[in-house]
Amino acid sequence: MQRMLFSLVAAALVAAARPARASSGEQTASLSWVRLAGAEACVGARALAQAVEARLGRAALVSAARADLTIEGRIEPGGSGGWRAVIAVADAEGAVLGTREIATASPRCGAIDSELALAIALMIDPSARLSPSAPPALAVPAPPPAPASASVPPPGPAPPPQVIVQRILIPVPPPASPPPAPWRVEVGAGPLFGLGLLPSPGVAAVIRARLTPPRFLSLEVGGAIWAPSETTTGAFTTRFSWGEGFVSACPVSIGSATRLSACAGARLGALRVNGIGFGVDRTDERLTAGVTLDVRLARRLFGPLTAGGGLGLVVPLVRDTFYYIDARGRDREVFQMAPLAGTADVLLGVDFP
């Protein structure tokens, strides 16, 4: 019953949208059939065309340049399993006459092959057979002529067939584009340890922020304030106080929950020097600059909370020498930054989203 109802609807789509052809001609059509991703094992265009012509009992499929109708169809996996096919028919001028959707919940793609062939055959010829194996109708012999003396009136013309027209248009929505990936922001703080940057091993408080755009490498910015470091020569003391900022780019990043990355950047700061116990105590400030290379490891603990750390190398670009002149007029060096310094930090932070 369901197949009979489907056949009537498909026949009505074509009958309602075009005038009747002359009895001396047979309608032709061109067929375009596409198997979308995931449906490569479904019926192909050649096999489907052969099944349609078997239904019609004639060669009805021709090139698009010679066709009275244009039929375009596609098949794809269904959203919740099974398969879904959409067939559209247009006239020779390109006007869409109707669209039909056929779906099945069967995991076997060939379960709707016969329905596809029947739907396309009915679009070409509404009088097509419902089954490709249906036997042809038997010829009924004409009744013998009535005697001349009979008074039976000749039969009148047969009433025209009545067709119930129903046109179904099913719009195909365009595929939804995926939402853009959000920015990722990570902020952490903790202790920073350094060797070779001050007269003695130094410690600082550091804050570091990491910004990761959707389609670009990560960037890190931050700053550090170092605890004062002192060096004593005889009765004289020199105190060094230092603050700096840094920016880095991280072109290498591996992992998600646990992330290993390599970063390169630059540091810029100001170093203040105070003399204590000299004949004349002076305070001086000097610019510091350097390039850095860091290897960092971070892991998400729970929620937005993260923990991590890193090891870095610093190559100072400015290496001022600090000295004083003793009572004999000789220069006494107090401190000069090492040509290659090292850093290490441990951070706790938050990561959004």
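So, with a 1.4 angstrom probe, what is the percent of accessible area on region 301-353 that is carbon and sulfur? Could you put the intermediate results ahead of the total?
On the way: 2060 of 3200 Å².
Accessible surface attributable to carbon and sulfur in region 301-353 totals 64 percent.
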Problem set entry | Simple spin-label estimate for Ile225 and Ser80 in nanometres, 7 Å along Cα-Cβ | 6.1
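With a probe of 1.4 Å, find how much accessible area region 225-270 has per residue, and write the answer as a whole number in Å². Let's see the in-between values first.
Values: 2200 Å² over 46 residues.
On a per-residue basis, region 225-270 sits at 48 Å².
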Seminar exercise, completed: For Ser106, other-chain or 5+-apart residues with amide H closer than 5 Å (H placed, Pro excluded) are Trp83
Exercise. What ³J(HN,Hα) values, in whole Hz, does the Karplus curve 6.51 cos²θ - 1.76 cosθ + 1.60 give for region 91-101 when θ = phi - 60°, with x put for Gly and Pro?
Worked result: 7, 5, 8, x, 6, 6, 8, x, 9, 10, 10
Exercise. Quick one: if you stick a label point 7 Å off each Cα along the C-beta vector at Ala65 and Val350, how many nm between them?
Worked result: 7.0
For this session: Return the sequence-ordered ³J(HN,Hα) values of region 212-224 in whole Hz as given by the Karplus equation 6.51 cos²θ - 1.76 cosθ + 1.60 applied to θ = phi - 60°, using x for Gly and Pro.
Result: 10, x, x, 10, 7, 6, 6, 10, 10, 9, x, x, 9
Exercise. Which order, highest average first, do 62-70, 26-34 follow once you tally other Cβ atoms within 10 Å for each residue and take the mean per peptide?
Worked result: 26-34, 62-70
Exercise. Under 17 Å from a point 7 Å along the Cα-to-Cβ line of Ala45: which residues of region 79-101 have their amide N that close?
Worked result: 86-90
Problem set entry | Ordering of 287-293, 318-324 by burial proxy (mean other Cβ atoms within 10 Å per residue, highest first) | 287-293, 318-324
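Between Ala235 and Ala181, how high is the FRET efficiency from 1/(1 + (r/R0)^6) when r is the Cβ-Cβ distance and R₀ = 45 Å? Nearest 0.05.
Details: r = 63 Å, r/R0 = 1.40.
For Ala235 and Ala181, the calculated efficiency is 0.10.
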Exercise. Where the accessible area of region 177-259 is counted over protein heavy atoms with a 1.4 Å probe, how much of it, in %, is carbon and sulfur?
Worked result: 71
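The values are calculated or read from the model by the stated rules, or taken from the named source; none is laboratory data. Values in this document were obtained by computation on a predicted structure and should not be read as measured data. Cβ sites come from the backbone with ideal geometry, for glycine too, and all protein chains shown count toward neighbours. We work out accessible area using only protein heavy atoms, side chains counted, and drop any ligands, DNA or RNA first. Shrake-Rupley method; radii C 1.70, N 1.55, O 1.52, S 1.80 Å.
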